[in-house]
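The values are calculated or read from the model by the stated rules, or taken from the named source; none is laboratory data. Quick caveat, the model's predicted, so the values are computed rather than measured. Neighbour counts run over all protein chains shown; Cβ positions are idealised from the backbone, glycine included.
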Amino acid sequence: MLSEADKVRVGSLTTTDLEIGDHNKTPLANHVAEYIADLKTRGVNADRIKTSETRLNAACNGCGFRWLRDLKAETSADLQDADLDRIANQRATDVASW
């Protein structure tokens, strides 16, 4: 079996492929958190940040996305804005009842 270095050398794998592979080792929740942190750093409106965070987390949790490799267009296409709001509201109710 060829090593990653050999695959890059023969052209069947690029360094970009390797970098993307590294992102696959990070839980999706961490990617969302990093994105939200970036929005805050750039001074994006607080309401937009909160909405983005709520909807991204609701979509990930509602669809069962845990890793980048879990993202599939056919799954997320079934989840409409109303569903995102419903999921987010249910999660807020669940958290409040703890």
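Residues in the range 40-56 that are outside any loop (DSSP other than H, G, I, E, B) and of a type in the set (S, T, N, Q): 41, 51, 52, 54. Residues of the range 1-34 that are among the β-branched types (Val, Ile, Thr) and outside any loop (DSSP other than H, G, I, E, B): 8, 10, 15, 16, 20, 32.
Does residue 51 meet the test of being more than 19 Å from residue 89 (Cα to Cα) and either touching a Ser or Thr at 6+ places or on another chain (Cβ under 7 Å) or among the polar types (S, T, N, Q) (or both)? When the stated conditions are applied, residue 51 does not pass them.
Checked against the criterion of being at pLDDT 90 or above, assigned to a helix (DSSP H, G or I) and among the aliphatic types (A, V, I, L, M), the candidates 59, 92, 37 yield just one match: 37.
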